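Student: Questions regarding the structure given below will be posed in turn.
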Amino acid sequence: MSLPHRRFWPKGVPCALRVPQVPLTHYLEVAAQRDPDKPAVIFCGAVLTYAQLRGRVEALAGYLRHRLGVQRGDRVLLLSQNCPQFVAAYYAVLRAGAVVVPVNAMSTLGEVRYFVEDSGARVAIVAQELLPQVQPLLHPGQAEGLTAVLVHAYSEGLPPQAAQDEVPDVVREPLHPLHSPGLQALEDAIACGLPPPAEHPGVDDLCVLPYTSGTTGHPKGCRHTHATVLASNLASQVWRGLHVDSVVLAVAPLFHMLGMQAGMNVPLTLGATVVMMPRWQASTAARLIERHRVTAWAAPPSMLVDFFAHPEAQQRDISSLSVLSGGGAPMPEAVAALLQKEFGMAYNEAYGLSETASFLHANPPARGKRQCLGIPTQGVDSRIVDPVTLEELPAGEVGELVTSGKQVMLGYWRNPEADRAAFFERDGQRFFRTGDLASVDEEGYFFMRDRLKRMINASGYKVWPAEIESWMYEHPAIHEACVIAVDDPQRGETVKALIVLKPGQAGQVTEQSIIDWSRERMAVYKAPRQVQFLEHLPKSGTGKILWRQLQEAQRQIPTPV
């Protein structure tokens, strides 16, 4: 096939990708041996060195194996906001040979129940403010549900002099007493000092099982190995010129692939330093960048828009920043121009999915194009095909973006039907169907044009209408529901539900009551922010709701702010 983008390939970056035959945990051990006293994670004034991190990881891995019976290949649920405990727990699960199931901290009890049941996880590691979403699933000694939950408080390990303006109330909260059977303190488990398993995970062992929603209404687990995660990880650090002395700001949630890779796995693989924030606050980010001389930051455009509009970004010395990258949504032209003019920085737009462990496409740092998915990175073969025939289309034509590369997942967790729909063979390679409609220009750069599937992009989070609709139909007053995207000045897109009520329900429920009901049952970014009652929903001759017609009609109506 033609590869016109090779003319603009970054100098010094190899075209092929070699994935070392070691697991992710190997890099932590090497960094701890090479530079034990170097800060691995800086969090709210607390410094965790590489030697300390390795010690915590090994002790927790020993506890998981010897006390909780976690065996190789078992799944362990991880539910927490950004903190050093998340990092230690993640790598401890891997060191025990098990598989991390990262769960969005905004998930509801019903959503967490699904993740537990579908993954088969029996052990969970949870931040204490999120315990209500997990504890009802704890059934020690029973065949179903969780048998043990390790609980941590963000305050554990924080120095007394931690700057108060950088520490949210939830982080200052001490660990509450744990009286229920099956609940154990994470710090107590680490304090046992049990040795880790003698064997290490293999590079082809499952490593992480992130869940991504889809058109069926149920989230699907993406089966990633140490090799697929490392392929994305290593390609990203080489492409962007990151190194052992990089200082990385970690703000994007670690349970999401962007944060997990760019804010944790990439810097730890390098032996670099992570400056971690528990949650987003523009003023604190500016102070941390200045104080710690942060050099690299991966964030969605909406976060950077908020940051550079804040007065602190104008007042602080942020000249150390050399790499700004991310994806999930296009960077607005006006903001990109401002970055270049006022700060002398370019935003390196990239493209990836949970199914590709994040990094897949990126713009060449020296020759990027705005609002562009970039070009296929090291060892990646991406093409534009006809969504029906799967035949490759010429440059300029819109079709489905399909891709093949070492970072592509093995497949979905226990879902062969989804695998058959998502993969196909071509030219001796296995291609993944992204569901994104794109085109490629004459220079080989890819541009997003539309979506083949009904996906809503809310502040970088993928929301699938079918999943939301399945929840909506549980409301006793709802007869029919169609979930669509509407434009939102802050989030890019937001969720709107068009609803037909059952007979006799008009006047009995309000739009706001539907919104409130939804927020009790699903993560806040998924729950509809707008609801509109209709007398009927348009349907095709076969009875299918014409969602695209409704979507296009709503795009023509000004969205209330």
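Student: Go through segment 409-517 and name the GluC sites (Glu not before Pro) that are in a DSSP coil and have 12 or fewer other Cβ atoms within 10 Å of their Cβ.
Tutor: GLU442, GLU474
Student: I need the GluC sites (Glu not before Pro) found in segment 346-403, filtered to DSSP loop residues with at most 16 other beta carbons within 10 Å of theirs.
Tutor: Working: sites: GLU349, GLU355, GLU391, GLU392, GLU397, GLU400; in loops: GLU391, GLU397.
Sparse-neighbourhood loop GluC sites (Glu not before Pro): GLU391, GLU397.
Student: Classify segment 354-411 as rounded, prolate or oblate from the Cα gyration tensor: take a ≥ b ≥ c as the square roots of its eigenvalues, call it rounded if a/c is under 1.5, otherwise prolate when a/b beats b/c and oblate if not. Don't skip to the end; give the middle numbers.
Tutor: On the way: a/c = 2.24, a/b = 1.12, b/c = 1.99.
In terms of gyration-tensor shape, oblate.
Student: Stokes-Einstein at 20 °C, 1.002 mPa s, Kirkwood radius from Cα pairs: D for segment 68-158 in µm² s⁻¹?
Tutor: The calculation lands on 164 µm²/s.
Student: What is the Cα radius of gyration of segment 452-541 over 2.2 N^0.38 Å, N being its residue count? Present the calculation step by step, with values, prior to reporting the outcome.
Tutor: Numbers: Rg = 12.8 Å, N = 90, 2.2 N^0.38 = 12.2 Å.
Against the compact-globule rule of thumb, the ratio is 1.05.
Student: From Cα pairs below 8 angstrom and at least 6 apart in sequence, can you work out the relative contact order of the chain, rounded to a whole percent?
Tutor: Details: 1197 pairs, mean separation 70.6, N = 561.
Result for the chain is 13 percent.
Student: Could you look at the chain and say what percent of its accessible area is carbon and sulfur, using a 1.4 Å probe and all protein chains?
Tutor: On the way: 11740 of 22560 Å².
Carbon and sulfur: 52 percent of the exposed surface of the chain.
Student: Pick out, from PHE8, MET448, LEU288, the residue whose Cα sits farthest towards the positive end of the charge dipole of the chain, with +1 on the Cβ of Lys and Arg and -1 on the Cβ of Asp and Glu.
Tutor: Result: PHE8.
Student: Could you point to the label whose value was computed as P(r) over Cα pairs in 10 Å bins from 0, in percent for the structure here, given (1) 3, 16, 22, 23, 19, 11, 5, 1, 0; (2) 3, 16, 25, 22, 16, 10, 6, 2, 0; (3) 3, 17, 28, 28, 17, 6, 1, 0?
Tutor: Checking each listed value against the structure points to (3).
Student: Evaluate E = 1/(1 + (r/R0)^6) for LYS502 and PHE343, where r is the Cβ-Cβ distance and R0 equals 51 Å; express this FRET efficiency to the nearest 0.05.
Tutor: Numbers: r = 55 Å, r/R0 = 1.07.
After rounding to 0.05, the efficiency reads 0.40.
Student: Would you kindly state the longest site-free stretch of the chain, with sites defined as trypsin sites (Lys or Arg not before Pro) in a DSSP loop (not H, G, I, E, B) surrounded by at most 13 other Cβ atoms within 10 Å? Write down the numbers at each step before the final one.
Tutor: Details: sites that count: LYS11, ARG18, ARG67, ARG279, ARG414, LYS544.
Formally, the longest exposed-site-free interval is 68-278.
Student: Hey, another quick one. Counting each DSSP H run of 4 or more residues in the chain as -39500 (n - 2.57), what helix-only mean residue ellipticity at 222 nm follows after dividing by all residues, to the nearest 500 deg cm²/dmol? Walk me through the intermediate numbers first.
Tutor: Values: 17 runs with 149 residues, N = 561.
Rounded to the nearest 500, it is -7500 deg cm²/dmol.
Student: What is the gain in length, in nm to one decimal, between CYS15 and LEU390 on full extension, counting 0.36 nm per residue of separation less the C-alpha to C-alpha distance? Let's see the in-between values first.
Tutor: Working: separation 375, 0.36 × 375 = 135.00 nm, distance 2.57 nm.
Computed gain between CYS15 and LEU390 is 132.4 nm.
Student: Please work out the C-alpha center-to-center distance from segment 57-85 to segment 455-494 and express it in whole Å.
Tutor: 34 Å
Student: Hey, another quick one. Binned at 5 Å from 0, what are the whole-percent values of the Cα-Cα distance distribution for segment 302-392, short to long?
Tutor: Pairs per bin, as whole percents: 3, 12, 20, 21, 16, 12, 8, 4, 3, 1, 1, 0.
Student: If contacts are Cα pairs under 8 angstrom and at least 6 residues apart, what is the relative contact order of segment 103-181 in percent? Let's see the in-between values first.
Tutor: Numbers: 86 pairs, mean separation 20.7, N = 79.
Relative contact order of segment 103-181: 26 percent.
Student: With viscosity set to 1.306 mPa s at 10 °C, what whole-number translational diffusion coefficient in µm²/s follows for segment 32-81 from Stokes-Einstein and a Kirkwood radius over Cα pairs? Could you put the intermediate results ahead of the total?
Tutor: Working: Rh = 12.6 Å.
Taking Rh from Cα pairs, D becomes 126 µm²/s.
Student: Let me ask another. Pairs of alpha-carbon atoms within less than 8 angstrom and 6+ residues apart define the contacts here; what relative contact order does segment 281-379 have, in percent?
Tutor: Working: 164 pairs, mean separation 21.4, N = 99.
The value is 22 percent.
Student: Averaged per residue, what accessible area in Å² does the chain show with a 1.4 Å probe, protein chains only?
Tutor: Per-residue accessible area for the chain comes out at 40 Å².
Student: Enter the Cα centre distance for the pair segment 132-163 and segment 255-276, rounded to the nearest angstrom.
Tutor: Result: 23 Å between the Cα centres.
Student: Take the chain, mark every one of the chymotrypsin sites (Phe, Trp or Tyr not before Pro) that falls in a DSSP loop and has at most 16 other Cβ within 10 Å, then report the longest stretch left between them, sites excluded. Walk me through the numbers before you get to the answer.
Tutor: On the way: sites that count: TRP280, TYR473.
Longest stretch, sites excluded: 1-279.
Student: Taking only the alpha-carbon atoms of segment 194-318, what semi-axes of the equivalent ellipsoid follow from 5 times the gyration tensor eigenvalues under a square root, in whole Å, largest first?
Tutor: Details: eigenvalues 175, 79, 33 Å².
In descending order, the three semi-axes are 30, 20, 13 Å.
Student: Which of the lysines could be linked to LYS341 by a straight reach, that is with a Cα gap under 29 Å, when you skip same-chain ones fewer than 8 residues away?
Tutor: Output for LYS341: LYS11, LYS369.
Student: Using θ = phi - 60° and the Karplus form 6.51 cos²θ - 1.76 cosθ + 1.60, what ³J(HN,Hα) does each residue of segment 374-387 get, whole Hz, x for Gly and Pro?
Tutor: x, 10, x, 8, 3, x, 9, 10, 10, 9, 10, 10, 5, x
Student: At q = 0.08 Å⁻¹, what is the log10 ratio I(q)/I(0) for segment 1-151, with the Debye formula run over Cα points and no solvent?
Tutor: For segment 1-151, the Cα-only Debye profile gives -0.31.
Student: Can you list the DSSP H helices in the chain whose Cα atoms extend at least 18 Å along the helix axis and whose mean Kyte-Doolittle hydropathy is -0.5 or higher?
Tutor: Length and hydropathy pass: 50-66, 226-239.
Student: Over all distinct alpha-carbon pairs, what is the Kirkwood Rh of segment 398-448 in angstrom? Numbers along the way, then the final one.
Tutor: Details: mean 1/r = 0.0823 Å⁻¹.
Kirkwood hydrodynamic radius for segment 398-448: 12.2 Å.
The values are calculated or read from the model by the stated rules, or taken from the named source; none is laboratory data. Just so we're clear, the structure is a prediction, and the values are computed from it rather than from any experiment. As a convention, Cβ positions derive from the backbone with ideal geometry for all residues, glycine included, and neighbour counts pool all protein chains shown. Please note that ligands, DNA and RNA were not included when accessible areas were found on the heavy atoms of the full protein model with its side chains. Shrake-Rupley method; radii C 1.70, N 1.55, O 1.52, S 1.80 Å.
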